[in-house]
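S.K.: Okay, here's the structure, questions in a sec.
None of the figures in this text is laboratory data; all of them are computed from the coordinates on show. Computed from a predicted model, the values in this text were never measured in an experiment. Glycine also receives a Cβ, built like all others from the backbone with ideal geometry; neighbour counts cover every protein chain displayed.
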Amino acid sequence: MSTTFSVDSARLQDTVGLVTLTGEVDIYTAPRLKEHMLELFETGVRDMVIDLSAVTFIDSTALGVLIGGVRRVNDFGGTIALVVATRPVQRILSVTGLDQVFTVHGTRDEALAGLG
């Protein structure tokens, strides 16, 4: 699996957004994740799926960005759901207890269905 970072985002419905990440999400790349999340929030997105299924590594800076997103959506009754398919990301969410903060799904379809 490639460790080259990429991020893409889309507004799927009026208040539903999707952010898709690949590679390593760390202190150097987390600001780009934050930018994409903020852009979606500014367009009226209230519920967001963040697809981490192709992420090979995630650090505390990236986790902080995700937590900041949760705080923001909680202010307006929204939800952030994560798609996690790799063992390293599952492990870090479990060790930090963030698997109890986020709704974690195995696939993007499950995450989108869980928002409704």
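S.K.: Give the Kirkwood hydrodynamic radius (Å, one decimal) of the chain, defined as one over the mean of 1/r across all pairs of different Cα atoms.
M.R.: Working: mean 1/r = 0.0726 Å⁻¹.
Answer for the chain: a Kirkwood hydrodynamic radius of 13.8 Å.
S.K.: How big is region 57-116 along each principal axis, measuring the range of its Cα positions in Å and listing the largest first?
M.R.: Per principal axis, max minus min of the Cα coordinates gives 29, 24, 16 Å.
S.K.: Using the Cα centre as the reference, give the magnitude of the dipole from point charges on the C-beta atoms of region 6-115 (Lys, Arg: +1; Asp, Glu: -1; all else neutral), rounded to the nearest 20 debye.
M.R.: Working: 9 positive and 14 negative charges, 37 e Å.
Roughly 180 debye for region 6-115.
S.K.: Here is a further query. Let me check I've understood the local charge: for residue 17, count other residues with C-beta under 14 angstrom from its C-beta, Lys and Arg +1, Asp and Glu -1. What total comes out? Each step should come with its number before you reach the end.
M.R.: Details: positive: 11, 34, 46, 72, 108; negative: 8, 14, 35, 39, 42, 47, 51.
Computed value for this residue: -2.
S.K.: Put a dot 7 Å past each Cα toward the Cβ at residue 12 and residue 94; how far apart are the dots in nm?
M.R.: Taking the two extended label points, one gets 2.6 nm.
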